[in-house]
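Quick notes on the structure that follows.
The values are calculated or read from the model by the stated rules, or taken from the named source; none is laboratory data. The model shown is predicted, which means the values in this text are computed figures rather than measured ones. So basically every Cβ, Gly included, is an ideal-geometry build from the backbone, and we count neighbours across all protein chains shown.
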Amino acid sequence: MEKTIYDENNGLWYELRGDYYIPCLTVPAQEERPIGIWGQRHLQYIKQERKPLYTELLTSGRLNTYLADINEQATEQMLLLTRQMAEREGVTEQLKAQDQMLWVKRMNNIRDRAMEIVNHDLIYS
């Protein structure tokens with residue numbers, strides 16, 4: 001038996017493995033971009049909760065680009081929300097100079113709330 005055969009009906013090559021011919025399929029090359037912490041969180045979410053989306057992105061070669069885009073959006077949203085909440089609540093550099101512990105307490109609270117919003121809107125949706 002031949003090691004590889006070509007099927008003109010569907011345009012695929014097949015390779016002999018044991019007694020069976022298996023299609024020679026490859027995943028398209030994708031652009032490598034860092035996915036960061038937000039992208040990694042979203043990756044875990046879609047692997048567990050949205051398997052069809054994960055499989056489609058993986059097999060189409062768009063997974064890395066998709067996760068990098070999610071990471072960028074989440075980072076931008078996190079920074080914007082943190083800055084807006086700090087301005088609205090009067091957490092300024094002046095407060096930092098006057099009472100560092102109060103400033104840290106408020107900024108941690110703002111950061112935690114902004115993280116919850118980003119998680120709800122982008123990461124786990």
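Identify all residues within the stretch 88-111 that are under 18 Å from residue 76 (Cβ atoms) and charged (D, E, K, R); write none if there are none.
Restricting attention to the stretch 88-111, the residues satisfying the condition of being under 18 Å from residue 76 (Cβ atoms) are 110-111.
Hit for the stretch 88-111 is 111, nothing else.
A single entry from 16, 57, 43 fulfils the requirement of being assigned to a helix (DSSP H, G or I), more than 30 Å from residue 106 (Cα to Cα) and modelled with pLDDT under 95: 57.
What tally of residues in the stretch 16-51 results from selecting those that are touching a Lys or Arg at 6+ places or on another chain (Cβ under 7 Å) and surrounded by 14 or more Cβ atoms within 10 Å (Cβ to Cβ)?
Start the filter on the stretch 16-51 by keeping residues that are touching a Lys or Arg at 6+ places or on another chain (Cβ under 7 Å), which leaves 16, 30.
From the residues that got through so far, the ones that are surrounded by 14 or more Cβ atoms within 10 Å (Cβ to Cβ) too are 30.
Of the residues in that region, 1 qualify.
Residues that are part of a helix (DSSP H, G or I) and of a type in the set (D, E, K, R) were ranked within the stretch 60-76; the one that is surrounded by the fewest Cβ atoms within 10 Å (Cβ to Cβ) is 76.
Apart from one condition, residue 25 fits all of (1) in contact with an Asp or Glu (Cβ under 8 Å, 6 or more places away or on another chain); (2) aliphatic (A, V, I, L, M); (3) not in a helix (DSSP H, G or I); the exception is (1).
Filtering the stretch 77-93 down to residues that are surrounded by fewer than 10 Cβ atoms within 10 Å (Cβ to Cβ) and not in a loop (DSSP other than H, G, I, E, B), which residue is farthest from the chain's Cα centre (by Cα)? Within the stretch 77-93, the match that is farthest from the chain's Cα centre (by Cα) is 93.
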